[in-house]
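Here's the structure we're looking at; comments come further down.
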Amino acid sequence: MNWRAKNGDNIRLQVYLAHAGIASRRACEEIILSGRVTVNGLSVTTLGAKVQKGDSVCMDGKTVLPESIRHYLVLNKPSGFLCSSHDPQGRPLALELLPKNITERLYNVGRLDYLSSGLIFFTNDGDFAARLSHPGSTIEKEYLVESTVPVPETTIEEFLAGVTIDGVQYRALRIQRTGRKSLRIVLIEGKNREIRKVFSHFHLHSSLLRRVRIGPINLGDLPEGQCRTLSEKEITDLMKFHSQIPHAKTQRHKE
């Protein structure tokens, strides 16, 4: 028997879970469909369900309460830390670097792979996470990349024009050469492990891959392994930047 929404003031269950800091709204939809959520003791496995004040919501048997405190953190993730809530291999988690006095459950917005370092957001605001992580988002992400060998000009040209790998196209928005082996790369689509896949396609290997900017937020001089809180202005600016569509043509920049 599935729980049905009551009449009156209510919100969608996935929105409630996202507001509670469980995960992004899209991820909460998957959690509901997997049968992990109950409302008033009854299983919910569809996305049409709604909840209202007084309802008892549980995930995996644990009560889920709405969060009243929102957290928006910038972490300078070191290489060798995993962006996940758990790792069966016991590797260090980026979550473990966040302040211990925050009791709310936080999760990363997007990802940096295990060996990559740099700027990543953590929050318990599902709407914020969903907007920044949406596939249609136009937000820029800037990386400093160092190769173990010199990077050919043809690699830069093809990455800017668009490279198809296993049926998926990868294209950089801008690339600036900063040395024979080093590049500054700006992406806008944020596909999984995009730079590493393109490098591998051209038989290159990165010795450093660090994200230094997301939209208007720069890593700056934030020490590795440390985090800070986004200001209200930064959050507002980030949302404005998110909604902008780049008009300039993709181009290559040289020193």
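The values are calculated or read from the model by the stated rules, or taken from the named source; none is laboratory data. For clarity, every value in this text was computed on a predicted model and none was experimentally measured. Cβ placement follows ideal geometry from the backbone for every residue including glycine, while neighbour counts extend to all protein chains displayed.
Please go through the range 107-123 and give me each residue that is crowded, with 22+ Cβ neighbours inside 10 Å and in a loop (DSSP other than H, G, I, E, B), ordered by number.
Leu112, Ser116
Among the residues that make up the range 14-33, is at least one of them surrounded by 15 or more Cβ atoms within 10 Å (Cβ to Cβ), hydrophobic (A, V, I, L, M, F, W, C) and more than 29 Å from Arg111 (Cα to Cα)?
Kept after step one, since they are surrounded by 15 or more Cβ atoms within 10 Å (Cβ to Cβ), are these residues of the range 14-33: 14-29, 31-32.
This time we only want the ones that are hydrophobic (A, V, I, L, M, F, W, C), so: 15, 17-18, 20, 22-23, 27-28, 31-32.
Keeping just the survivors that are more than 29 Å from Arg111 (Cα to Cα) gives none.
Checked the range 14-33: no residue is surrounded by 15 or more Cβ atoms within 10 Å (Cβ to Cβ), hydrophobic (A, V, I, L, M, F, W, C) and more than 29 Å from Arg111 (Cα to Cα).
More than 17 Å from Ile214 (Cβ to Cβ), without any contact (Cβ under 8 Å) to a residue 12 or more places away in the chain and in contact with a strand residue (DSSP E or B) (Cβ under 8 Å, 6 or more places away or on another chain) - does that describe any residue in the range 86-108?
yes
Look through Leu112, Leu82, Leu97, Leu65 and report the one residue that is in contact with a Gly (Cβ under 8 Å, 6 or more places away or on another chain) and more than 18 Å from Glu189 (Cβ to Cβ).
Details: Leu112 fails: more than 18 Å from Glu189 (Cβ to Cβ); Leu82 fails: in contact with a Gly (Cβ under 8 Å, 6 or more places away or on another chain); Leu65 fails: in contact with a Gly (Cβ under 8 Å, 6 or more places away or on another chain).
Selected residue: Leu97, the only one of Leu112, Leu82, Leu97, Leu65 that is in contact with a Gly (Cβ under 8 Å, 6 or more places away or on another chain) and more than 18 Å from Glu189 (Cβ to Cβ).
Condition (residue is assigned by TED's automatic domain parsing to the domain that holds Leu204, acidic (Asp, Glu), surrounded by fewer than 19 Cβ atoms within 10 Å (Cβ to Cβ) and within 30 Å of Val15 (Cβ to Cβ)) applied to the range 152-163: is it met by at least one residue? Don't jump to the end; show me each part of the working.
Going residue by residue through the range 152-163, those that are assigned by TED's automatic domain parsing to the domain that holds Leu204 are 152-163.
From the residues that got through so far, the ones that are acidic (Asp, Glu) too are 153, 157-158.
Then keep just the ones that are surrounded by fewer than 19 Cβ atoms within 10 Å (Cβ to Cβ); that gives 153, 157-158.
Retained after the next criterion (residues that are within 30 Å of Val15 (Cβ to Cβ)): none.
No.
Taking the residues in the range 124-146 that are in a strand (DSSP E or B) and touching a helix residue (DSSP H, G or I) at 6+ places or on another chain (Cβ under 7 Å) as candidates, determine which candidate is farthest from Ser231 (Cα to Cα). Reasoning before the result, please.
Step one: list which residues in the range 124-146 are in a strand (DSSP E or B), which gives 141-146.
Those left that are additionally touching a helix residue (DSSP H, G or I) at 6+ places or on another chain (Cβ under 7 Å): 143, 145.
On the way: Tyr143: 23, Val145: 28 Å.
Ranking the candidates gives Val145 first.
Just checking, does the range 82-94 include any residue being within 18 Å of Ser133 (Cβ to Cβ), of a type outside the set (Lys, Arg) and touching a His at 6+ places or on another chain (Cβ under 9 Å)?
No, the range 82-94 has no match at all.
For the range 51-70, what are the residues that are within 27 Å of the chain's Cα centre (by Cα), on the phi < 0 side of the Ramachandran plot and at pLDDT 90 or above?
Val57, Cys58, Met59, listed by residue number.
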